[in-house]
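The values are calculated or read from the model by the stated rules, or taken from the named source; none is laboratory data. All values reported here derive from a predicted model rather than from experimental measurement. Positions of Cβ are generated from backbone atoms using ideal geometry, with glycine treated the same way; all protein chains shown enter the neighbour counts.
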Amino acid sequence: MSALKIKKGASSHSVYDLRDSHSQVESSHTLAVIVDNEAGALARVIGLFSGRGYNIDSLTVAEVDHKGHLSRITVVTRGTESVIDQIKAQLGRIVPVHEVKDLTVEGTPVERELALLKVAGTGDKRVEALRLADIFRANVVDSTLESFVFEITGPSAKIDAFADLMRPLGLMEVARTGVAALSRGV
Amino acid sequence: MARQMTGAKMVLQALKDHDVDTVFGYPGGAVLPIYDEIFQQNDIRHILVRHEQAAIHMAEGYARSTGKPGVALVTSGPGATNAVTGLTDALMDSIPLIVFSGQVATFMVGTDGFQEADTVGITRPCTKHNWLVKDTEKLAETIHQAFHIATSGRPGPVLIDLPKDVQFATGTYREAKAARVDHYQPQVKGDIEAITRLVELMETAERPVFYTGGGVINSGPGASQLLRELVDGTGFPITSTLMGLGAYPASGKSWLGMLGMHGLYEANLAMHGCDLMINLGARFDDRITGRTSDFSPKSTKVHVDIDASSINKIIHVDLPIIGDIGHVLEDALKIWKARGRKTNAAAVAKWWAKIDTWKKVNCLAYTGSEKTIKPQYALERLEALTKDRDRYITTEVGQHQMWAAQYLGFEDPNRWMTSGGLGTMGYGFPASIGVQIAHPDSLVINVAGEASWLMNMQEMGTATQFRTPVKQFILNNERLGMVRQWQELLHGERYSSSWSESLPDFVKLAESFGWKGMIVSDPADLDDAIMEMINHDGPVLFDCLVEKHENCFPMIPSGKPHNEMLLSADAEAFKGGGALV
C-alpha cells in the first residue's frame, strides 16, 4: 500500500482529528430559554449541553407564567462565538422551547444570585463575620450561639467575594441559586 | 367530533385519521390492548417483525420510499430499547417516524416493574421529541402533535410512550384539526433578500457548483423538479451527498456524481476548486468535508437549510438561507427568471472544460477479472439489467454501500434508501421489506455485504410471511470489507476481527425459510443469475462471491482535503502526473 504515502499504523490520520485548531477566544454568555413547563423539558436542555459537550457554569429554572405553563431557564455558558451561536440554534430546535434570548449580546444584563452561607465560630471571628455581612448587606436569617446563616443577593462575583472572606471565619456550607437575569431597559 | 373511547382504540382511530395504512411492530404485555384493537379492524395492516430494530428500519424504508411518515409499535422495556438504534438512525437521516411504545401502568412507573424501562429518558436524545402520556384525555392530541412534529420542519422520529392503564382507560377522542400545534411552526419561506443575493452570485459565478443533500428529498418531489429546472437552466454542475442521490437524475447532463470520502474525483475537485458553492439541504458532514481547514478554500458558500442549527455548525458560510428547499428554490427560480436568466456562460463553459479533464481520469475504473467477480462489476451488471425497471434500492453499510452509490444511477428521488448519518449495519434488509410493503409490485433490491446482512437476518421470516419478494443481493467477500480496508491502509495490515468466520450456507438458509437461494462465483454466470433473481416471484437470497480484498476507491483518507484524494491502487502514478489505467 505504498500508493498511499501514509505510514502504516499511523493513527494521526484518524477521522476524529478534524477539529479546527484555530479556536478563538471564549466568552461567557447568559441565555434565557423560555420553555413549556412540562415533564422532561429541563432534561432536554441539560441533555443537549452534556450530549454536545457544551459548558454550563450556572443554571436556574422556575415557572414564570403559571397560566401559560411557561418556565424560564437561565443558563450561563462559555464558548467561542461560533459555539455560542450553535448552542442557541440547538436550543431553538428543541420542540418545547419557545424562545432563546442571549442576554449578553443585548447588552450587559441585570444578573442576580441568592446564596445562603453557614458560618460557625465564636469570639472575634464571629464579630468579624457579622461586620463583613453588614458591609455586603447580607442578612442574618438564622443564628445560634456558635453560628450564623447569612442570606446574600447580588452578582455572582459579589457572592464569590463574600464567600472568600467568610472561609477563614468558619464557613461551613454554601447554597447558591444560580444566576437569574433580565435584560436592561425595554 | 369528540367521541368517548379507550386509549387503545384512540391509537387506531388517530392512525386512520392520519391515513396510515401500515404499522410495523411486535406485541408484548404492555401493548396488548392496542394489539386487541388491531385484531378487530381491517383498515390498518400490521406487519409482524422478528426484532424491534427491524420494525423501525422497515418504517424508515416505508417512509423514505413514500414520503409519508412510517409508523411502528413496540412493547415496553426490551421492545423499546431494541428500537433505539432505529430511532437514532432516523434522527441522523431526518426520517419522519411515529413510534408507539408500551409502558407499565402509571402506578407502576418507577418501581422497576417487569419490562419497565425509562423509555422517554432513553429515547430523549434519539428522537426529535417524545412523550409519556399519563392521561387518556391527552392521548389524541398528543398523537396529532406527534404527526405534526415528525413531518414538519426538519423531519425526524418521535416516540409516544403509552402506559398500559392509559390504553385501557376511556377518554375523549378529538380530531386532528382540534390539536394545538401552534408554537411548533418552522420557517419554510426563505428570506427574499438573501435569495436575491444568491441569484446575484449565480449570475456572476465563474466556477459554480450545486452541492445537494437529503434535504431536497425530504422537501418532496416538487423540490427535485425545481432543482432540475434550476440546474438545467443555469447549466451549473451538480453533485450530491449519499443522502441526496436521485434528486437530480444520474443521467442528467450536469451530474458529477456523488461527492465525499468515496465520492467521484470530478465531484470532489469541483467542490475544492469552485468559486460559488450552493449547498441545498446538506450539512457539511465530516465524510463530505475532509479536513475542514482546507475545505473548498476559495469559494463563496451559500447554505440553504430548514434547520438553523445546521448553519455554521461545521463550515462557516457567507450566505445562510433558512427555509424549506422547495420554497427557496421556487423563489430563486422566480427571481432568476425575472432578472433575465443570466449566468456568466463563458466562464462556466471554461469551468466545464476543466471538469471534463477531471472526468477523463475515469476515477471509477477498476481492474477487471475473468476469474472472480469484482464487486464493481457485479454492480455494473446489476445496474445494466435493472435500471429501466420500476426499481428501489436499499443498502447495508460498508464498501458495498459506497460501490452501490458509485455504480448505480438514480433518476428519481425516494428510490434510494441507505443509512447515511448513523451508518447502521443491518439497516438494508428490513428497510427493503418496508419499501416492498409500500410498493408491492416494484423491484426492491437490497445491495448488501454478508456481514451487515447477518445483523438482521431474522427478518427472513417476515419477508416470507408477508410475501414480500425482496431481492437480497449480497456481495460476499467473507470480510468486513470497509473495516478491512482501513486496517490495510491505516493499521499496518493487521486484520483484527475483520473477517466473516463460520458463514452459513446462504442457499440452504434461504430454502429453510421458503426463499430462493442462489450462489454465483463465475463472472460469466452473473448476468443470467441476476435475471433469474429478478424474474423469481418471491424473495431471493443472492450469494454473490466476490473478490475478497478489493478496496473501495476513490477515497479521501480521513483528515485530508478534497484535492488529495486517492484513485485505486494507481493513485501514486496519478499524483506524479502520469496517466491512469
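Numbers at a glance
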read-out: Leading residue by the ranking (surrounded by the fewest Cβ atoms within 10 Å (Cβ to Cβ)) among those in segment A:156-177 that are among the aliphatic types (A, V, I, L, M) and not in a helix (DSSP H, G or I); value: A:175
read-out: Residues that are of a type in the set (Lys, Arg), closer than 13 Å to residue B:41 by Cα and surrounded by fewer than 20 Cβ atoms within 10 Å (Cβ to Cβ), drawn from segment B:1-24; value: B:16
read-out: Selection within segment B:98-128 - more than 16 Å from residue B:73 (Cα to Cα) and among the aromatic types (Phe, Trp, Tyr); value: B:107, B:114
read-out: Tally, over segment B:331-353, of residues that are among the aliphatic types (A, V, I, L, M) and crowded, with 22+ Cβ neighbours inside 10 Å; value: 1
read-out: One residue from B:405, B:378, B:384 being in a helix (DSSP H, G or I) and without any contact (Cβ under 8 Å) to a residue 24 or more places away in the chain; value: B:384
read-out: Filter result for residue B:479 (surrounded by fewer than 22 Cβ atoms within 10 Å (Cβ to Cβ) and away from chain A (no Cβ under 14 Å)); value: no
read-out: Condition broken by residue B:499, with the remaining ones in (1) touching a strand residue (DSSP E or B) at 6+ places or on another chain (Cβ under 8 Å); (2) within 14 Å of chain A (Cβ to nearest Cβ); (3) of a type in the set (A, V, I, L, M, F, W, C) satisfied; value: (2)
read-out: All positions within segment B:303-355 that are over 19 Å from residue B:282 (Cβ atoms), touching a residue at least 60 places away in the same chain (Cβ under 8 Å) and either within 14 Å of another protein chain (Cβ to nearest Cβ) or not in a helix (DSSP H, G or I) (or both); value: B:339, B:341, B:342, B:343, B:344
read-out: Qualifying position, being under 24 Å from residue B:318 (Cα atoms) and touching a helix residue (DSSP H, G or I) at 6+ places or on another chain (Cβ under 6 Å), among B:247, B:223, B:205; value: B:223
read-out: Where residue B:272 falls short, out of the listed (1) outside any loop (DSSP other than H, G, I, E, B); (2) within 22 Å of residue B:223 (Cα to Cα); (3) touching a helix residue (DSSP H, G or I) at 6+ places or on another chain (Cβ under 7 Å); (4) away from chain A (no Cβ under 11 Å); value: (2)
read-out: Single match in B:302, B:328, B:397 (criterion: closer than 30 Å to residue B:478 by Cβ and buried (at least 18 other Cβ atoms within 10 Å of the Cβ)); value: B:397
read-out: Residues of segment B:414-463 classified as over 15 Å from residue B:51 (Cβ atoms), in a helix (DSSP H, G or I) and among the β-branched types (Val, Ile, Thr), total; value: 2
read-out: Residue within segment B:139-160 that is within 18 Å of residue B:9 (Cα to Cα) and without any contact (Cβ under 8 Å) to a residue 24 or more places away in the chain present; value: yes
read-out: Filter result for residue A:120 (in contact with a Lys or Arg (Cβ under 9 Å, 6 or more places away or on another chain), surrounded by fewer than 17 Cβ atoms within 10 Å (Cβ to Cβ) and either within 30 Å of residue B:181 (Cβ to Cβ) or within 11 Å of chain B (Cβ to nearest Cβ) (or both)); value: no
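Per-residue answers, yes or no, for (1) within 24 Å of the chain's Cα centre (by Cα); (2) in a helix (DSSP H, G or I); (3) not assigned by TED's automatic domain parsing to the domain that holds residue A:45:
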residue: A:87; (1), (2), (3): yes, yes, no
residue: A:90; (1), (2), (3): yes, yes, no
residue: A:95; (1), (2), (3): yes, no, no
residue: A:118; (1), (2), (3): yes, no, yes
residue: A:131; (1), (2), (3): no, yes, yes
